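Notes for the one structure printed next.
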Amino acid sequence: MNTPRCFVFLLAIACIVPTSSRVIAQVSVGFGEADVSPTLGKTPVWIAGFGKGRAATKIHDPIMVRVVVLEHAGKKIAIASVDVVGLFNDVAQRVRSELRDFTCILVASTHNHEGPDTMGLWGPNLLTSGVDPDYLKRVEKGIVQTIRAADKTRRPANAAIGSASAPDLLHDNREPYVKHDQLVALRFDGADKKPVGIVVQWNCHPETLDSKNTEISADFVAFTVEYLRKKHGCPVVYLTGTVGGLMTSLHVVVKDDTGTPLKDGTFAKTKAYGVLVGKLADKALAAAKPVTLTPFEVRTQRFFAPIDNPFYMLAFNFGVLKRDAYVWRNDPLKAEPFKGQIDAKTPLCMQTEVGWLKLGNLEIAAIPGEIYPELVLSKVQNPADKNADFPDAAIEPGIYAQMKGSHRMIVGLANDEIGYILPKRQWDEKAPYCYGRKRAQYGEENSLGPETGPIVCDMFRKMVERK
Ligand SMILES: [Zn+2]
């Protein structure tokens, strides 16, 4: 065929430019959401997070599953976030088994303290699980369906990322006072420049409604999402990051329009706090810069962590905590399933996982519980308080220090909820207590044990360093 030379030249440019800078590098993204609120009326719905036996009386706002799906070069990644207290690893495994065409599926919880029990610890009494197994199945199904639906809405998009800090929006109720006060926000815009969706990651316990509330709610997260959705006219996925140590909205001073401080445990404060987090996300988005999210690289490391918590052992024994136990042999990479009756002699462990997503210039750490900011930001107390239980314990390798990319994000309660992940040298169960305190601080009772922090951080480091 006789093609004029200039046409060939133009054709060559037309092929080269989009291929190198637009088509290959561009990610395809889809968002989805579904209401997975429990049904009230037939059997009691136990609200998780604070004391046992808190029966729900009403649904104030829905419990949602929110999903973002990213695709590039045939690899699909789904990140799902559910407005519940925590979901165990078996839920993530079952969701993955239904969606085998995905390279990576991350199932996270916001750690909502005003939604239904999905772990078992908040039933009517010590011996009874608060989980309704049928409801849990419905949540699982909801996650699978929402990922499928989000996948169907995928379209090419350009991403921009920004961050903003707000120490005043967090209360740290455990010494040493170290906050993870950086919010990260990602915005995806379509070819028409209109927003396709937003992903927000912030580090706070959704528990503003406090321990007496009996109305099902997603806490401040509901209001943050509502604010951003209205402002930007697109779906929003909210991710909970670092919440150990303990990052909370309780005791944060939030005022109404007249300057009067709003009380913890009220919807007025919960809404106002949620809007403040939404405005912080706006600040992050206003400063957002384009970011390349391709190519994708995903790593997962499964491992075992010993259970040194007598309360958890009891809960295992009575079937209140329903998950597989393994025999602990001092090796995080090897343990055989435990069968039979739990006794004091056999040391047990549970299996969990860490993950690392490298999406172009953005790295995401997937941590299976409530990690302390000290471990994320390499701010473990040094020297340790002399009254700490293990003052000479080695300092764990920090999570963010392992991620060398220009942008970082953390998803806590990712693919599991194993409780608090503490720096070993800040473990303080035995008198005398750190900082001259008369009583132990809160935290250890909701952790697997002092080895959890060292093992999680070590597994994460080795996984990222793996060749
Ligand atoms: Zn918590």
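The values are calculated or read from the model by the stated rules, or taken from the named source; none is laboratory data. Note that the structure is predicted; figures quoted are calculated from it, not measured. Don't worry about glycine lacking a Cβ; one is built from the backbone with ideal geometry, like all the others, and counts go over all protein chains shown. For accessibility, only protein heavy atoms count, side chains too; no ligands or nucleic acids. Shrake-Rupley method; radii C 1.70, N 1.55, O 1.52, S 1.80 Å.
Normalised by the number of residues in the range 386-465, the mean separation of alpha-carbon contacts (under 8 Å, six or more apart) gives a relative contact order of 42 percent. Solvent-accessible surface of the range 343-433, averaged per residue with a 1.4 angstrom probe and all protein chains in place: 34 square angstrom. Set the Förster distance to 45 Å, then compute FRET efficiency between residue 324 and residue 253 from the Cβ-Cβ distance, nearest 0.05. E between residue 324 and residue 253, to the nearest 0.05, is 0.55.
Close amide H partners of residue 421, meaning residues 5 or more places away or on another chain with modelled amide H under 5 Å apart, are 370, 371, 372. Placing R0 at 35 angstrom, the Cβ-Cβ distance between residue 57 and residue 465 gives a FRET efficiency of 0.10 after rounding to 0.05. Label positions at residue 43 and residue 98, each projected 7 Å from the Cα along the C-beta direction, are separated by 1.9 nm. Once the other residues with Cβ under 12 Å from the Cβ of residue 151 are scored (Lys, Arg +1; Asp, Glu -1), what is the net sum? Once all neighbours under 12 Å are counted, the net charge is +3. About its Cα centre, the range 298-417 has a charge dipole of approximately 380 debye under the convention of +1 per Lys or Arg Cβ and -1 per Asp or Glu Cβ, with nothing else charged. Here the range 306-387 exposes an accessible surface that is 53 percent carbon and sulfur, computed with a 1.4 Å probe and the other protein chains kept in place.
Between residue 442 and residue 148, the simple label model (points 7 Å from Cα in the Cβ direction) yields a spacing of 4.1 nm. Ordering 182, 118, 103 by Cα displacement along the dipole of the range 60-191 toward the positive end leaves 103 in first place; charges were set at the Cβ atoms of Lys, Arg (+1) and Asp, Glu (-1). Size estimate for the range 65-219 follows the Kirkwood approach: the inverse of mean 1/r over distinct Cα pairs works out to 17.7 Å.
Once the Cα atoms are used to define both axes, helix 452-465 deviates from the longest principal axis of the chain by about 20 degrees. When the charge dipole of the chain is built from unit charges on Cβ atoms (+1 for Lys and Arg, -1 for Asp and Glu) and taken about the Cα centre, the candidate among 305, 241, 159 whose Cα reaches farthest toward its positive end is 159.
The distance linking the range 183-197 with the range 98-116 is 22 Å (Cα centroid to Cα centroid, whole angstrom). Axis of helix 220-232 versus longest Cα principal axis of the chain: the two differ by about 10°, to the nearest ten degrees. For the residues 258, 224, a 1.4 Å probe over the protein chains yields an accessible-area ranking, largest first, of 258, 224.
Listed values for the range 260-268 are Karplus-derived 3J(HN,Hα) couplings in whole Hz (6.51 cos²θ - 1.76 cosθ + 1.60, θ = phi - 60°), namely 7, x, 8, 7, 4, x, 10, 5, 4, and x replaces Gly and Pro. Between residue 342 and residue 387, the FRET efficiency from the beta-carbon distance, with R0 = 35 Å, is close to 0.60. Ranking 416, 282, 331 by solvent-accessible area of protein heavy atoms (1.4 Å probe, all protein chains present), from largest to smallest, gives 331, 282, 416.
Subtracting the Cα-Cα distance of residue 173 and residue 458 from their residue separation scaled by 0.36 nm leaves 100.0 nm.
Ordering 152, 194, 424 by accessible surface, largest first, gives 152, 194, 424; the 1.4 Å probe counts only protein heavy atoms, with every chain in place. Counting 0.36 nm for each residue step from residue 297 to residue 192 and taking away their Cα separation leaves a gain of 35.0 nm. The fraction of Cα-Cα pairs per 10 angstrom bin, counted from 0 for the range 67-113, comes to 27, 51, 20, 2 percent, rounded to whole percents.
Relative to the longest principal axis of the Cα atoms of the chain, helix 133-152 runs at roughly 20 degrees. Other residues within the sphere of radius under 13 Å centred on the Cβ of residue 441, judged by their own Cβ, net out at -3 (K and R +1, D and E -1). Across all directions, the shadow cast by the convex hull of the range 188-278 built on its C-alpha atoms averages 6.7 square nanometres. The charge dipole of the range 283-351, taken about the Cα centre with unit charges on the Cβ atoms of Lys, Arg (+1) and Asp, Glu (-1), comes to about 260 debye, rounded to the nearest 20.
Annotation: amide H-H contacts under 5 Å for residue 294 (H modelled 1.01 Å from N, sequence separation of 5 or more, or interchain): 360, 361.
Were the residues from residue 287 through residue 394 laid out at 0.36 nm apart, the gain over their Cα-Cα distance would be 34.7 nm.
Listed values for the range 55-61 are Karplus-derived 3J(HN,Hα) couplings in whole Hz (6.51 cos²θ - 1.76 cosθ + 1.60, θ = phi - 60°), namely 7, 6, 10, 6, 9, 7, 9, and x replaces Gly and Pro.
Grab the other residues whose beta carbon is less than 14 angstrom from that of residue 168, score K and R as +1, D and E as -1, and report the net. Neighbourhood net charge equals +2.
Counting only residues at least eight positions apart within a chain, or on another chain, the lysines with an alpha carbon under 16 Å from that of residue 269 are 212, 255, 279.
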